[in-house]
1. Give, as residue ranges, the strands (runs of 3 or more DSSP E) completely inside region B:7-88 that count at least 2 residues that are within 22 Å of residue B:167 (Cα to Cα).
2. How many residues does region A:215-247 hold that are within 18 Å of the chain's Cα centre (by Cα) and surrounded by fewer than 17 Cβ atoms within 10 Å (Cβ to Cβ)?
3. Would you mind finding the one in A:38, A:25, A:79 that is closer than 30 Å to residue A:237 by Cα and either more than 14 Å from chain B (Cβ to nearest Cβ) or modelled with pLDDT under 85 (or both)?
4. Quick check on residue A:118: is it more than 20 Å from the chain's Cα centre (by Cα), in contact (Cβ under 8 Å) with a residue 40 or more places away in the chain, in a helix (DSSP H, G or I) and surrounded by fewer than 17 Cβ atoms within 10 Å (Cβ to Cβ)?
5. If you scan region A:185-200, which residues turn out to be within 27 Å of residue B:163 (Cβ to Cβ) and within 12 Å of chain B (Cβ to nearest Cβ)?
6. Does residue B:63 fit the bill of being without any contact (Cβ under 8 Å) to a residue 40 or more places away in the chain and within 11 Å of chain A (Cβ to nearest Cβ)?
7. Please count how many residues of region B:74-88 are surrounded by fewer than 18 Cβ atoms within 10 Å (Cβ to Cβ) and facing chain A (nearest Cβ under 10 Å).
8. Residue A:170 fails exactly one of the following numbered conditions: (1) more than 15 Å from residue A:217 (Cβ to Cβ); (2) away from chain B (no Cβ under 14 Å). What is the number of that condition?
């Protein structure tokens with residue numbers, strides 16, 4: 001039976017059994033090696049030029065000094081990063097919940113769409129930094145302001161992608177489940193939401209990377225804690241090395257966050273066309 | 001053994017369907033009456049746009065008729081009929097569910113528990129049981145459509161509607177599917193309504209062929225197909241079979257659909 005199944009499998013999806021050379025490991029090596037090399041060259045140039053021209057530390061510290069700062073103050077940096085992450089996480093959860101609900105409402109009702117969508121676009125178009133002082137007035141100094149700042153930064157991609165996704169459901173599939181006697185709630189759960197999931201994931205991925213940015217800018221104006229506040233203070237103290245250290249930590253964190261979001265997406269969407277190549281290369285099937 | 005479902009009769013009385021439009025009304029179906037006996041396998045064949053699919057939507061209760069009365073068994077159709085399995089031209093498998101999950105969809109929607117043994121039995125019958133946990137994209141077109149038929153049959157519906165189910169398949173796969181449908185019609189005791197463009201398929205898969213005219217749709221001929229079941233593909237070359245085919249083709253030639 002297994003042999004028969006394998007033969008049928010070959011008929012159904014030829015690439016699964018075709019022994020094509022797997023470019024993965026080679027490209028992975030190249031994908032890590034080349035950026036590392038160019039990065040090393042860039043850092044070496046930076047280090048050399050700063051030392052050669054004796055640039056003062058408070059204007060541009062050499063990379064070695066930034067590394068020393070990170071090592072010396074790692075606990076301080078990480079604790080401030082944790083505070084920023086906490087605010088970003090809370091804001092992100094709020095934005096996702098609100099974005100999904102608003103997206104569903106906009107898709108379900110033309111009236112809601114017409115009444116809400118223009119305002120959402122306007123709200124998104126307002127430069128966030130401009131309204132930061134207002135948030136300070138409304139929500140006070142601290143976590144609350146910061147959180148709403150994150151929401152302001154991240155709600156839009158979630159809503160837009162939710163609406164796009166929900167509208168992309170196949171009308172014939174909807175007709176089919178209606179013919180099976182599905183309620184509107186079932187149509188949403190069984191067809192529209194799963195169809196929308198790839199789009200929703202794309203929206204959330206964008207939001208995930210925007211959230212810490214929102215949190216940091218929030219901390220610039222409305223907090224005495226977190227990486228954003230640390231950055232402002234470091235610049236104020238002319239401790240440029242610490243500022244660079246904060247930026248470096250923040251960037252590494254952003255990349256890790258993106259990786260995490262991609263990993264989550266793969267877990268949620270194992271069936272999606274974007275995952276098929278990996279599936280076929282694993283020689284997948286049964 | 002199979003726990004057969006009671007198939008149902010279908011009765012149409014003076015059915016008319018008019019779609020109002022800005023450029024005038026579209027008369028999709030002319031007054032049309034027909035009675036289909038329970039358990040009968042009926043094919044509807046007709047030119048494109050003759051209202052075949054509209055007729056099916058009306059019987060399934062997905063769209064109300066402008067005039068006339070539709071009954072399934074004794075019951076007047078006023079809303080979507082749940083005791084019906086529909087197979088469309090596109091298999092409409094949900095890409096995010098595996099094969100078994102797709103077949104079980106109607107049970108989930110109707111809140112029926114424990115139909116997994118039935119689902120697996122159907123997959124075995126249709127020779128796709130090895131793919132129960134595969135995703136639809138891993139299947140060939142013919143396999144996908146077999147899964148769609150299994151899904152339609154899961155809850156043992158009284159009616160099975162097939163709206164040009166095989167027209168996207170290659171000729172050989174299509175022949176296989178015709179044989180499979182034969183098998184289903186004898187094993188499942190379900191009233192089948194097959195809509196098709198293929199005259200051969202219409203005859204091969206049915207006890208009765210309804211020939212429809214172009215818009216507004218009306219029944220031009222009602223032909224009994226006398227062949228015993230199970231039928232083999234070779235039946236299509238017999239003179240009785242080709243005679244029925246000729247009779248249907250002549251209707252289309254007279255109506256100006258087939259001229260050449």
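1. Hits in region B:7-88: B:41-45, B:84-87.
2. Total satisfying the criteria: 1.
3. Exactly one residue qualifies, and that residue is A:79.
4. no
5. The answer is A:185, A:186, A:187, A:189, A:190, A:191, A:192, A:193, A:194, A:195, A:196.
6. Answer is no for this residue.
7. Initially, region B:74-88 is screened for residues surrounded by fewer than 18 Cβ atoms within 10 Å (Cβ to Cβ), giving B:74-76, B:78-80, B:82.
If we keep only those that are facing chain A (nearest Cβ under 10 Å) too, we end up with B:79-80, B:82.
Counting residues in region B:74-88 that are surrounded by fewer than 18 Cβ atoms within 10 Å (Cβ to Cβ) and facing chain A (nearest Cβ under 10 Å) gives 3.
8. (2)
The values are calculated or read from the model by the stated rules, or taken from the named source; none is laboratory data. Note that the coordinates shown come from a computational prediction; the quantities given were computed from them, not determined experimentally. Counting neighbours? That spans all protein chains shown, and the Cβs are built from the backbone with ideal geometry, glycine included.
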